[in-house]
Amino acid sequence: MSGEKIRLNTDWLCDCGGCHVALVDLHEKILNVLESVTIQHCPVLTDIKDYPEADIGILTGSIRTEHDRHAAEEMRKKCKTIIAFGTCAVYGGLHGAGLAHSREEIIDHVYRHNPTTRTDIIPDAEVTELAKMVTPIDEVIDVDLYLPGCPPHPHFIFESLATLIEKRQPRVTQDPVCARCQRAMIKGDASAIRNTLDGVPDDAICFLSQGYVCLGSVTLDRCLAPCPNHGVACTGCAGPTMQILTEPNRDIRTEVSDRMSRLTAIDAETIKRHMERTAKTQYAYAMATKMIGSKPTFLIRKWIADVEAGTHG
């Protein structure tokens, strides 16, 4: 990386800040980036309140308040290229679970009817109003590039920045996490769905084959599969594969239940009902995006109501 330096702005919206920390996880490669990049606006490094003109803008987090909306719009005005950086920016992220509840329910639970809350005051002076919905940033501004991950893996961060600086095509694929998983997908004899605390999974065998729900087959590889290769089932933090996003009548639970039923003695409907009962977990990272939330197969409010009523099998 060399030549004229690229001007870079970053900003975070509704998120935990982990995506900005991930930039530091480039370790010694960050020196290569800094040789070609001038960081201008960056919440964790600079105290600049306005938005200078920039070549690249990295936005992390989703739109949850009017402040978030304003920041996203200002970044769009001043940056030639906007990157939706991290799963919250791309799909709405974990706090997208707000889709399953109204704004009033969330505020009431956090500030009024909460075991750790000792007051009955809802803040309204020092923070901007909570929006009714969690919104991925491309529903508010135009986005040029997407880099999902919770947070994005250093390998893909470096590749994306190198791609822009060197003006070349990215060396990435649309493979699922399974493509890098070393476990063998075989026909197993599991007859019931197992939870993470139910024994120790065999290190060499696919989680699905053993009766554990794993989202590796429906999750885009933007992580290099560290979890399944180290004994932890994939939770889908990089967001769904293109197949899940683009097929209107297939989604996370239908794909996983179909695949898992073929690898075990558990029928697809049993798996599907289990995933509906645990939908906030199975759809945790992407339910706020319309590509998931608007699917005719995604009925999270009904599933939650059925569980609360005790009518979900």
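If you check L94, L145, which single one turns out to be touching a strand residue (DSSP E or B) at 6+ places or on another chain (Cβ under 8 Å) and not basic (K, R)?
None of the other options fit; the residue is L145.
Go through the residues of the stretch 42-56 one by one and say whether even a single one is buried (at least 24 other Cβ atoms within 10 Å of the Cβ) and under 24 Å from I165 (Cβ atoms).
Checked against the condition, which is being buried (at least 24 other Cβ atoms within 10 Å of the Cβ) and under 24 Å from I165 (Cβ atoms), the stretch 42-56 yields no hits at all.
Among the residues of the stretch 268-294, what is the count of those that are in a loop (DSSP other than H, G, I, E, B) and farther than 18 Å from S217 by Cβ?
Qualifying residue count, the stretch 268-294: 4.
Scanning the stretch 60-110 for residues that are assigned to a helix (DSSP H, G or I) and small (G, A, S), which turns out farthest from Q40 (Cα to Cα)?
Looking at residues that are assigned to a helix (DSSP H, G or I) and small (G, A, S), I get A100.
Identify all residues within the stretch 228-244 that are hydrophobic (A, V, I, L, M, F, W, C), part of a helix (DSSP H, G or I) and crowded, with 17+ Cβ neighbours inside 10 Å; write none if there are none.
The one that is hydrophobic (A, V, I, L, M, F, W, C), part of a helix (DSSP H, G or I) and crowded, with 17+ Cβ neighbours inside 10 Å: I244.
Can you tell me which residue within the stretch 174-202, out of those that are surrounded by 11 or more Cβ atoms within 10 Å (Cβ to Cβ) and charged (D, E, K, R), is nearest to E269 (Cα to Cα)?
Within the stretch 174-202, the match that is nearest to E269 (Cα to Cα) is R194.
Only the coordinates and a few stated rules stand behind these numbers; no lab work does. If you're wondering where the values come from, they're calculated on a predicted model, not measured in any experiment. A quick note on method: Cβ atoms are made from the backbone with ideal geometry, for glycine too, and the neighbour counts reach across all protein chains shown.
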